[in-house]
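The values are calculated or read from the model by the stated rules, or taken from the named source; none is laboratory data. No experiment lies behind these values; they were computed from the predicted model shown. All Cβ positions, even for glycine, are placed from backbone atoms using ideal geometry, and neighbour counts span all protein chains on display. In case anyone asks, the SASA skips ligands and DNA or RNA and just uses the protein heavy atoms, side chains included. Shrake-Rupley method; radii C 1.70, N 1.55, O 1.52, S 1.80 Å.
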Amino acid sequence: MPIEIPKIDPNLELIRPGEGSVIYDVIVVGGGNAALCAAIRAAESGAKVLLLERARRSYRGGNSRHTRNFRCMHQVPKGVLTNAYLEDEFFEDLLKVTKGNTDESLARLAIRSSEECYDWMLSQGVYFQESLSGTLSLSRTNAFFLGGGKALVNAYYNRLDDLGVDVRYLATVLDVVVQDRVFDGVLVDIKGEQSYIRAHAVVLASGGFESDKEWLTRAWGDAAKNFLIRGTPYNTGEVLKNLLDKGADQVGDPTQCHAVAIDGRAPEYDGGIVTRVDCVPFSVVLNKNGERFYDEGEDVWPKRYAIWGRLVASQPDQVGYAIIDQKSHSLFMPTVFTATKADSIAELAEQLGLPVKAVEKTIWEFNAACQEGAFHPTELDGLSTKELEPAKTNWARPIDTAPFYGYELRPGVTFTYLGFKVDGDARVSFSNERATNVWAAGEIMAGSILGEGYLAGFGMTIGTVFGRIAGKEAADYASQSA
Amino acid sequence: MQAKALEEANRQLAICNACRYCEGFCASFQAMTRYRSFDDQSIIHMANLCHNCQACYHSCQYTCPHEFDLNIPKALADVRVESWESHVPGTVIAEKVQSNGWIIALLTVIAAILFGLIGNIPWVSDANFYSLISHNSLVAVFTPLFIGPLLVLFMGLYRYWDTVGGEWIGWNDLSVAFKAAGTMKNLDGGMGQGCNYEKSDRYSQTRKWAHHATMYGFLLCFAATSVATIMHYGFGLEAPYPFLSLPKLLGVSGGILLTLGTTKLLYLKMKSDPKLGVSDRRSGEYGFILILWLVSTSGLLLYWLGGTAAAGAMLNIHLASIAAFFVTLPYTKMAHGFFRLAALIREAQLSKA
Ligand SMILES: Cc1cc2nc3c(=O)[nH]c(=O)nc-3n(C[C@H](O)[C@H](O)[C@H](O)COP(=O)(O)OP(=O)(O)OC[C@H]3O[C@@H](n4cnc5c(N)ncnc54)[C@H](O)[C@@H]3O)c2cc1C
Ligand code: SF4
Ligand code: SF4
C-alpha cells in the first residue's frame with residue numbers, strides 16, 4: 001500500500017532557526033542500513049544522537065530490510081567469504097556494470113573500506129552465513145547476512161538501544177533547514193505531531209525516491225503507473241527533493257531507476273526478493289500481443305535479470321509473459337506464486353488472457369527455429385535459434401512438452417540513481433562548496449558511485465562505508481561546536 | 001491430520017522457499033531447500049525439526065502487517081503438535097490434554113487420593129522408606145503406568161516413521177541425531193548466537209541452558225531410578241540408600257537440575273510471545289512444565305524431609321505427580337522429545353543423500 005505523506009502544517013510556523021536549545025549533537029534522518037551505521041558510529045564517538053525513522057517499528061529498516069548480502073573486498077579467505085577478492089578486480093567489476101559512470105576515488109574508498117566493514121559488522125552483532133543455496137556464484141564476492149537484511153537491521157537497532165541513542169518511529173522529516181550551507185534543524189512529523197528539532201549536525205540517510213510514483217511518472221511517463229516497487233513504500237524522497245530545491249549539488253540521472261522483471265502478481269510495494277522469476281533464460285517471453293521482443297538467452301541470468309525490468313517496461317501495458325514447458329520446470333529457483341499451468345499452448349494463452357492465435361503462431365515459429373544440440377542450463381550453451389527475429393542465442397529448446405507454464409512479468413523498481421554529490425568525507429555540497437555540517441550516506445548519495453547499472457551487494461557496501469564515515473565526521477564536528 | 005495447519009504451513013513455506021534468507025538458522029530450513037514444493041510428508045518433517053527458536057520470525061521481512069503474513073514458528077508449531085496428537089492412538093485424549101493444563105493437575109490430585117487409600121500411607125513419619133509404602137505395591141502400580149503409556153507413544157512414533165517415509169536406522173543416523181539433540185544444535189541460531197525465544201529480536205542462550213538442565217536433569221533422575229531398580233532386584237540392595245550411593249547422587253543432582261531447569265523454562269514461557277507458539281495449547285504446555293517441576297521438587301523435598309512428619313505427605317505428592325506424568329506421557333509435550341529425535345534421525349538419513 002502506498003503511504004500518506006504528512007504535509008507541513010502552515011499554521012504552526014514551527015521553524016525558528018537559531019532559536020531554542022540544541023539538545024542533540026547529531027540528527028540522523030532515516031532508519032535503514034546507512035542511517036544505522038551512521039548513528040552507531042556517532043554515538044560511539046560520544047555524540048548524543050537522535051534517529052528519525054519514518055516507518056513504524058515493524059517496518060523499520062527501509063530497503064535494507066530486504067537485502068541479503070554485501071560485497072566485500074578481501075585478500076585471503078575471510079569468514080564465509082572464499083578465496084580472495086582484490087581491489088582491482090572489484091573496481092573492474094564496477095566499471096563493467098556502470099560503463100565507467102562512477103567516481104573512481106569514492107568507489108575505491110568504498111571498496112577498500114569494505115574489508116574492515118566485515119569485522120565491524122560482526123562486532124555490532126551481525127552474523128554471516130554461507131552463500132545461500134542457488135547463489136554459489138557469489139560465495140567469493142558477497143557475504144550473506146544470517147537471516148537477511150532484517151536480522152542485520154535488528155542487530156543495529158539493538159546496538160543503538162545499548163548506546164542510548166534516541167530512536168523515533170513514525171517520524172517523517174519534512175524540512176531540513178540549511179542556511180548558507182549551515183544546518184540548523186529539522187521539521188519533523190512524529191505520529192501526527194509536528195515539531196522543530198535542532199542539532200549541531202545532520203546525517204541524511206533517507207534513501208531514494210523510488211516509492212514516489214508521481215516522481216517516477218514525471219521521469220518515465222504514464223508507464224510508471226504500472227510499476228511495482230520492490231522495497232519499502234517509505235522512500236518517497238522528500239528530503240532529497242527538499243535539499244536539491246535548496247541548491248544541494250546532485251549526481252545521477254533523474255530519469256533512471258534500477259528495475260527488474262518480477263512476478264506480475266507481486267504486491268504494489270514491499271514484495272522484496274521473493275517476487276523474482278528466474279525462468280526467463282529457459283523461456284520465451286511474449287508481450288500482450290503474443291509477440292517475442294528480446295533475446296531471452298543473451299547471457300546467464302545473474303548478468304541479465306536487471307535489463308528485463310526496462311524491457312518489459314517498454315512493452316504495451318508494461319507487461320510480459322514468460323512461457324516454459326515441462327522440461328524447464330525445475331531448472332530455476334522456486335517462485336512465490338505458482339505458475340499458470342495448462343496442457344496446451346492455446347489453453348495457457350487463454351488463461352493468461354493472451355490472443356490465442358498469435359501466441360500459437362509465435363511458439364510454432366520459435367519451435368521451428370530451434371536446432372539440435374546439447375543443452376547446458378548452467379552455462380552459455382550456444383543452443384541458438386536459426387533465422388528467427390529476435391533470435392534466442394542460448395538455451396533455445398522447443399516449447400513442446402506439456403504441461404506448459406506461464407508467468408506474468410512486470411517491472412519492479414529497486415532503487416533510483418539521483419542523489420546528493422558528496423566528497424570522501426560523505427559531506428554534502430552546495431554549488432560545489434562543502435556544507436558545514438551536512439553529511440549524507442546510502443542510497444541518497446549512491447549515484448556518485450553507481451552512476452548506472454548495479455553490482456550485487458554494492459548498495460549495502462556503500463551504505464555501510466559512508467554511513468560510518470558520516471556518523472564519525474558529524475560527531476567530531478558536533479564535539480567541536482558543542 | 002487436519003488440513004488447515006498443513007495448508008497454512010504450505011502457503012508460508014512456498015514464500016520461504018523463494019526467499020531462503022533463513023537458511024542458516026536451523027535444520028528445518030536446510031531441509032526446505034531440498035524441495036521444490038511441499039507435501040504433507042515434507043511439511044510434517046520440517047515441523048518436527050523446528051525447535052521454535054523464533055529467529056525466522058524476527059528476521060522475516062514479511063511478518064504481519066505485511067500481506068504475506070509470515071509466522072513460520074507458529075505455522076510449524078501448529079503442524080507439529082497436531083502431528084503428535086494425530087499419530088498417537090487416542091487422538092481425542094491427546095488434544096484434550098495438550099490444550100488443558102488443569103487435566104494433569106486434576107490427575108495428580110486423584111492419584112494422591114488413590115495412593116492415600118491403597119497405600120494406606122500413614123501420615124506420620126518413619127525412618128524406613130518402605131514402611132511408608134510397600135515396595136511391592138509401588139511396583140504393582142508403577143509398572144503398568146510406565147509400560148502402558150510408553151507403548152502408546154511408541155505406536156505413535158511407529159506411525160510417524162511411516163508418515164515421514166523413514167528408512168532402516170543406521171548407527172550413523174543415530175549418532176548424528178543424538179549429537180544434535182544432546183547439544184540442542186537447532187536452538188543455537190546456526191552460528192551459536194542463541195535463540196529469540198524470550199528477548200524478542202535479541203538472541204539469548206537462556207532457553208538452551210534451561211532446556212539442557214531440564215533434559216539432563218530428567219535423564220539423571222531416570223538413571224537414578226534404573227540404577228536403584230537394578231540394585232534392588234539384581235543385588236538385593238534395598239532403599240533407602242546413603243547419600244554417597246549411585247542412586248542418590250544421580251537422583252539428587254538430577255532433581256536439582258530438573259527443578260532449576262523447569263523453573264527457568266516456566267519463567268521463559270511467561271516472557272515469550274504466545275503469538276509465535278502453537279495455537280490453543282499454551283495451557284497444556286504450562287501443565288507439562290509444572291508437572292515436571294513438581295516431580296523433581298517433591299522428590300528433592302522428600303529427600304530433605306526424610307524422617308520428619310511431613311515426609312509422608314510429600315511422598316504422596318511425589319508419587320502422585322510421577323503417576324500423572326506417566327499416564328499422560330504420550331499426550332503431553334513430553335511427546336516432543338521422542339518425535340524430535342525421530343525427526344532428527346530422519347533428517348540425518350535425508351541429508352546423507
Ligand atoms: C528487494 C531488494 C533487495 C535488495 N538486495 C540487496 C542486497 O542483497 N545487497 C545490497 O547491497 N543491496 C540490496 N538492495 C539495495 C539496498 O536495499 C539499498 O542499496 C540499501 O538498502 C540502501 O540503504 P539506505 O540506508 O540508504 O536506504 P534504506 O534502507 O531504504 O533506508 C531509508 C530509510 O529512510 C527512511 N525515510 C525515508 N524518508 C524519510 C523521511 N522523510 N523522514 C524520515 N525517514 C525517512 C525510510 O523509512 C528508511 O528507513 C536491495 C533492494 C531491494 C529493494
Ligand atoms: S521466514 Fe521470511 S525471511 Fe525467513 S526464509 Fe521465510 S520468507 Fe524469508
Ligand atoms: S523457529 Fe527457529 S528452529 Fe523453527 S524453523 Fe524458525 S529458525 Fe528454524
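Here are the numbers for the structure shown:
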quantity	calculated
HN-Hα J in Hz across segment A:180-188 - Karplus 6.51, -1.76, 1.60, θ = phi - 60°, x for Gly and Pro	6, 6, 10, 6, 10, x, 10, 9, 10
For segment B:222-333, diffusion coefficient by Stokes-Einstein and Kirkwood Rh (Cα), 4 °C, 1.567 mPa s, µm²/s	83 µm²/s
Residue mean of other protein chain beta carbons inside 10 Å, B:20-31	5
Equivalent ellipsoid, segment A:339-482 (semi-axes from 5 times Cα gyration tensor eigenvalues, Å)	54, 17, 14
Most positive-pole-ward Cα, A:Leu243, B:Gly170, B:Pro247, against dipole of the protein assembly as shown from beta carbon charges	B:Pro247
Cα centroid separation, segment A:198-218 to segment B:195-260 (Å)	59 Å
Whole-Å semi-axes of segment B:3-83's equivalent ellipsoid (Cα gyration tensor)	16, 14, 12
Cβ crowding within 10 Å averaged over residues, with B:56-65, A:79-88 ranked highest first	B:56-65, A:79-88
Long-range amide H partners of A:Ala261 with built H, under 5 Å	A:Trp308, A:Gly309, A:Gly412
Å³ per residue enclosed by the Cα convex hull of the protein assembly as shown	198 Å³
Long pairs among B:Lys74/B:Lys179; A:Lys96/A:Lys213; A:Lys225/A:Lys392; A:Lys96/A:Lys246; B:Lys271/B:Lys333, criterion Cα-Cα beyond 23 Å	B:Lys74/B:Lys179; A:Lys96/A:Lys213; A:Lys225/A:Lys392; A:Lys96/A:Lys246
Theoretical FRET efficiency, 1/(1+(r/R0)^6), r = Cβ-Cβ of A:Glu372 and A:Lys303, R0 41 Å, to 0.05	0.95
Local electrostatic count, A:Gln480, Cβ distance below 14 Å [Lys/Arg +1, Asp/Glu -1]	-2
Estimated [θ] at 222 nm from DSSP helical runs (n ≥ 4, -39500 (n - 2.57)) normalised by residues in chain B, nearest 500	-22500 deg cm²/dmol
Computed over segment A:259-412: relative contact order in percent, which uses C-alpha pairs under 8 Å that are six or more apart	36 percent
Alpha carbon centroid spacing (whole Å) that separates segment B:10-27 from segment A:266-313	23 Å
In nm, spacing of pseudo-spin labels at B:Tyr216 and A:Lys361 (7 Å Cα→C-beta vector)	7.6 nm
Neighbour net charge for B:Asp173 - beta-carbon separation under 13 angstrom, K R +1, D E -1	+1
R0 of 22 Å, Cβ-Cβ distance A:Ser481-A:Asp162: FRET efficiency to nearest 0.05	0.25
Chain B: Cys lacking any partner C-beta under 4.7 angstrom	B:Cys16, B:Cys19, B:Cys26, B:Cys50, B:Cys60, B:Cys64, B:Cys221
Segment B:14-100, relative contact order in percent, only Cα pairs under 8 angstrom and at least six apart counted	22 percent
Mean-position separation - Cα centroids, segment A:315-384 and segment A:92-126, in angstrom	38 Å
Nitroxide proxy distance, nm - points 7 Å out along Cα→Cβ at A:Asp222 and A:Gln75	5.9 nm
Cα shape, chain A, gyration tensor, a/c 1.5 rule	prolate
List B:Lys275, A:Lys392, ordered by accessible area with a 1.4 Å probe, largest first	B:Lys275, A:Lys392
Sum of side-chain charges, A:Gly31 neighbourhood, beta-carbon under 10 Å (Lys, Arg +1; Asp, Glu -1)	+4
For segment B:3-83, size of Cβ-based charge dipole, Lys and Arg +1, Asp and Glu -1, in debye	220 debye
Over chain A: helical MRE at 222 nm, DSSP H runs n ≥ 4 each giving -39500 (n - 2.57), nearest 500	-8500 deg cm²/dmol
Solvent-accessible heavy-atom area per residue, rounded to whole Å², over chain B at 1.4 Å	44 Å²
Cα centre as origin, Lys/Arg/Asp/Glu Cβ charges: the protein assembly as shown dipole, Debye	2140 debye
Residue among B:Ala77, B:Thr63, B:Tyr158 farthest towards the positive dipole end of chain B, charges placed on Cβ	B:Thr63
Protection proxy ranking, peptides A:58-71, A:213-226, A:278-291, average beta carbon neighbours within 10 Å, highest first	A:58-71, A:278-291, A:213-226
Exposure of A:Leu51 as accessible area (Å², to 10), given a probe of 1.4 Å and all protein chains	0 Å²
Contact order normalised by residue count of chain A, Cα under 8 Å, 6+ apart, percent	23 percent
Shielding by other protein chains, A:133-141, mean Cβ within 10 Å	1
Buried on assembly, segment A:48-86 (at least 50 Å² less accessible surface than by itself, 1.4 Å probe)	A:Tyr59
Label-point separation, B:Phe142 to B:Tyr233 (7 Å along Cα→Cβ), nm	1.2 nm
Förster radius 22 Å - calculated FRET efficiency between B:Leu246 and B:Lys179, Cβ distance, rounded to 0.05	0.25
Principal axes of segment A:259-412: Cα extent on each, largest first, Å	43, 33, 27
Residue-averaged beta-carbon neighbours from other chains (10 angstrom radius) around B:34-45	1
Leading residue at positive end of dipole, the protein assembly as shown (Cβ point charges), from B:His51, A:Val274, A:Thr141	B:His51
